[in-house]
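Working notes, beginning with the structure itself.
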Amino acid sequence: MSTVLVINSGSSSLKYQLIDTDTEQVLGKGLIERIGQRTGSSSHSTPEGEHLTERAMRDHPSAFRAMIDAFRLHGPALDDGTPAALAHRVVQGGARFSGPARIDDRVLQDIDELSALAPLHNPPALAGIGAALEAFPGIPQVAVFDTAFHVTLPPEAFTYAIDKDLAARHRVRRYGAHGTSHKYVSRRAAEFLGVDVDTAKVIVLHLGNGASACAVDGGRSIDTSMGMTPLEGLVMGTRSGDIDPAVLLHLSRRADLSIDDLDELLNRRSGLLGLSGSADLRDVVSRADSGDADAQLAIDVYLHRLRHYLGAYLAQLGGADAIAFTAGVGENSPRIRAGAVATLGFAGVQLDEVRNSSPERGERIISAEGSRVAVLVIPTNEELEIARQSVELLGT
Ligand code: AMP
């Protein structure tokens with residue numbers, strides 16, 4: 001096999017990357033946005049340049065046709081065995097998928113059935129897969145699940161302390177998310193340090209618009225901050241993360257909020273946005289710097305929650321070889337990285353301020369010489385990990 005077309009299909013967007021699996025280079029990639037709305041936009045880039053188009057896209061099959069058009073117009077050509085396979089990102093694989101799966105009717109049925117656990121995420125992934133099967137008949141297609149890396153969570157980490165029969169009946173347990181990123185980053189962290197992946201203890205902090213922490217012991221996820229859905233855990237751009245469930249009861253009774261209102265509140269109007277008015281940490285930081293008390297509190301709450309999980313995972317793992325920061329905030333914000341580990345000197349974590357604030361990009365170490373726990377920045381690459389897993393599954 002030489003190329004995999006990685007597809008990330010959201011409810012109103014389609015992201016794609018054509019990856020050469022021998023060289024691991026991106027040959028072409030793009031983003032189609034506002035699918036199903038009256039106006040749409042898309043971008044397609046190749047190593048030669050970026051092409052932007054404004055065009056409404058009725059549904060996912062039209063978006064697929066637009067993607068194929070973009071490859072035809074701007075390259076690289078999709079023919080002669082290109083792509084050799086398609087790989088789809090799917091958020092929820094439940095307890096059923098512990099690794100990538102070649103798509104067939106049974107797998108499609110399972111993903112559909114798991115939509116009950118991820119109503120916002122699995123249906124658009126299925127729409128993307130359906131469009132892809134139509135557009136690329138006869139080419140092998142693979143589903144790679146965000147939850148698969150967390151299938152190794154022990155029962156004490158994935159069980160909620162509620163009525164066990166009710167939980168079993170409705171499959172209520174923690175599944176985690178961001179698994180593809182946690183797997184990629186934890187492995188790269190061990191390789192970067194020259195430590196055996198099978199024994200390395202790594203805490204990964206994936207801090208993007210969505211955010212989650214993961215404790216990885218010898219390449220296995222043993223704890224993670226997202227739960228049955230990607231709402232639990234850290235403070236995120238628009239999601240609350242952890243909250244006393246009784247707050248929902250209180251708001252339902254006192255503020256007359258419906259289930260849908262609460263869903264909207266916790267998923268779309270909370271987190272940094274709810275606290276400060278902006279979901280983008282760059283805005284929040286610049287506002288805090290100009291004296292905005294709400295913005296400062298938002299950063300303080302964000303960091304407080306991060307330290308909470310770092311402490312917990314140091315305890316669960318019994319210490320760590322590395323703490324690895326990744327995604328938009330983790331890769332770009334020295335202030336958040338410094339704030340997250342500031343109190344961890346007692347556990348052998350010592351940051352090097354100069355390394356941490358260096359504008360350097362790429363994989364790097366930001367802890368001081370002699371720090372017992374290495375602190376790293378590892379840019380995540382979910383698309384590459386998805387392509388690698390597909391190649392491994394298809395065995396070419
Ligand atoms: P992601 O979801 O991984 O693309 O991350 C997106 C988030 O990264 C944005 O919402 C920003 O808040 C954050 N981000 C990107 N660059 C920076 C930066 N230089 N400083 C702080 N936050 C950043």
Residue match in region 254-261 (condition: over 21 Å from the mean Cα position of the chain (by Cα), among the aliphatic types (A, V, I, L, M), part of a helix (DSSP H, G or I) and buried (at least 16 other Cβ atoms within 10 Å of the Cβ)): no
Verdict on T46 being at pLDDT 95 or above and polar (S, T, N, Q): yes
Checking T21 against (1) closer than 18 Å to P140 by Cα; (2) more than 22 Å from the chain's Cα centre (by Cα), the condition it does not meet: (2)
Single residue of A320, A374, A315 found to be in a helix (DSSP H, G or I), more than 16 Å from the ligand (Cβ to nearest atom), at pLDDT 95 or above and over 21 Å from the mean Cα position of the chain (by Cα): A315
Candidate set from region 343-360 (those that are touching a helix residue (DSSP H, G or I) at 6+ places or on another chain (Cβ under 8 Å) and touching a residue at least 24 places away in the same chain (Cβ under 8 Å)); member that is nearest to the ligand (Cβ to nearest atom): L351
Strands (runs of 3 or more DSSP E) wholly inside region 1-108 that include at least 3 residues being surrounded by 14 or more Cβ atoms within 10 Å (Cβ to Cβ): 3-9, 13-20, 25-33, 41-46, 85-90
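Matching residues to (1) in contact with a strand residue (DSSP E or B) (Cβ under 8 Å, 6 or more places away or on another chain); (2) touching a residue at least 40 places away in the same chain (Cβ under 8 Å); (3) surrounded by 24 or more Cβ atoms within 10 Å (Cβ to Cβ); (4) within 22 Å of D242 (Cα to Cα):
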site	(1), (2), (3), (4)
V144	yes, yes, yes, no
T147	no, yes, yes, yes
P154	yes, yes, no, yes
A157	yes, yes, no, yes
I162	no, no, no, yes
A167	no, no, no, yes
R171	no, yes, no, yes
R174	yes, yes, no, yes
S186	yes, yes, yes, no
Residues of region 301-325 satisfying the condition of being within 18 Å of R239 (Cβ to Cβ) and either acidic (D, E) or surrounded by 17 or more Cβ atoms within 10 Å (Cβ to Cβ) (or both): Y302, L303, R305, L306, Y309
Residues within region 276-299 that are touching a residue at least 40 places away in the same chain (Cβ under 8 Å) and either away from the ligand (no atom under 13 Å from the Cβ) or not in a helix (DSSP H, G or I) (or both), tallied: 2
Residues that are within 20 Å of G81 (Cα to Cα) and polar (S, T, N, Q), drawn from region 1-57: S2, T3, Q17, T21, T23, Q25, T46
The lone exception for S181 - which of (1) more than 16 Å from the ligand (Cβ to nearest atom); (2) assigned to a helix (DSSP H, G or I) it fails: (1)
Neighbours by Cβ (under 9 Å, 6+ apart or cross-chain): first from region 205-221, under 16 Å from P379 (Cβ atoms) and among the charged types (D, E, K, R); second at pLDDT 95 or above and surrounded by 24 or more Cβ atoms within 10 Å (Cβ to Cβ): none
The lone exception for C214 - which of (1) assigned to a strand (DSSP E or B); (2) within 12 Å of the ligand (Cβ to nearest atom); (3) not aliphatic (A, V, I, L, M) it fails: (2)
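The values are calculated or read from the model by the stated rules, or taken from the named source; none is laboratory data. Just so you know, these numbers come straight off a predicted model, no measurement behind them. Every residue, glycine among them, receives a Cβ derived from its backbone with ideal geometry; neighbour counts consider all protein chains shown.
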